[in-house]
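Presented below is the structure to which this report refers.
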Amino acid sequence: MIKVFLHKTFSATLACLVLFSTLSFTVEKHYCGENLIDVAIFTKANNCGMDMETVAANYKEKKHCCKDEVEVLKGQDQLKKTSFEDLEFDQQIFLSTFAYSYLNLFEGLPELVIPHKDYSPPILIVDIQVLDQVFII
């Protein structure tokens, strides 16, 4: 019972590890001055409401107080796939020998011979033990 639970837990953990190691996402941050206004994952961050065109029209110099930062967290995009032919000769021999010995470790059950498989018992009309009053004690 515990062996099956550990096996399933380990398999699920490895599957999640492969999933999260290949996952890529972006984190977008919007700053207004020195203050962090919004952080968004997978979407565009909301701005602080100051439109840069109106700010630039009001002031002669084009000095922006707002800035956006985008961090791209890239996951692993190339997984290494090896085949049996890519292994060295010693590793191929070891792997073949291990697989052969492991598969031959388990022997099938011998075919059970049931001697009375085709025998049908006689039809009982009366129970002879009750009729003769003979009981096994």
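Data for the structure
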quantity: Sites matching GluC sites (Glu not before Pro) across the range 65-133 that sit in DSSP coil, with at most 11 neighbouring C-beta atoms within 10 Å; calculated: GLU88, GLU107, GLU111
quantity: Per-pair calculated FRET efficiency, R0 = 22 Å: THR22 and GLN91 via Cβ, rounded to 0.05; calculated: 0.25
quantity: Nearest 10 degrees, 0 to 90: helix 2-21 Cα axis against the chain principal axis; calculated: 30
quantity: Restraint check, LYS29/LYS74; LYS8/LYS80; LYS44/LYS67, Cα-Cα greater than 23 Å; calculated: LYS8/LYS80
quantity: Relative exposure of HIS116, HIS30, HIS7, judged by other C-beta atoms within 10 Å (fewest first); calculated: HIS116, HIS7, HIS30
quantity: Over the chain, volume per residue of the alpha carbon convex hull, in Å³; calculated: 451
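Laboratory data are not the source of any read-out in this text; all were calculated from the coordinates shown. Values in this document were obtained by computation on a predicted structure and should not be read as measured data. So basically every Cβ, Gly included, is an ideal-geometry build from the backbone, and we count neighbours across all protein chains shown.
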